[in-house]
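Written out below as structure tokens is the structure these notes cover.
Just so you know, all these numbers are worked out from the coordinates, no wet-lab data involved. All figures in this text were calculated on a predicted structure; none of them were measured in a lab. Backbone-built Cβ (ideal geometry, glycine too); neighbour counts: all protein chains shown.
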């Protein structure tokens, strides 16, 4: 019995030490009735370090009834000096056979996607990220949450 408790404590300690490089990690819920094409999900990130390199991830939590294999996102990043970077990404949430990628519990699956790697933020201050779904559906159903994670690169 004592061995099980010790093992559990060690695993908890190991898991809590993961993610130590995270500068920002947050999820926003997608409306329960679907994500309309004209609606954006926003994240405001305060960046103080202009010397280090960072990796930026987009995390998607989808349910089993998500009707597509992939997801297109339109991304707008506004810097503290009001410079705007507009980008788009397309990534797969399921393989060709329809098996969901990423990790899942029950009918909810989470897929982290590396969006930008080894970047530097040129200015310190608030960066504003906006995400819009770029699928052909005017209202996209089957998504739970959209997350943004920024970590210091090793």
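Below is a table of values for the structure above.
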{"read-out": "Largest-first ellipsoid semi-axes for segment 22-152, taking √(5λ) over the Cα gyration tensor eigenvalues, angstrom", "value": "27, 16, 12"}
{"read-out": "Segments 52-63, 107-118 sorted - mean Cβ within 10 Å per residue, highest first", "value": "52-63, 107-118"}
{"read-out": "CD proxy at 222 nm, helix term only [per DSSP H run n ≥ 4: -39500 (n - 2.57); per residue of the chain; nearest 500]", "value": "-3500 deg cm²/dmol"}
{"read-out": "Packing rank of 94-100, 64-70, where each peptide gets the mean count of other beta carbons within 10 Å, highest leading", "value": "64-70, 94-100"}
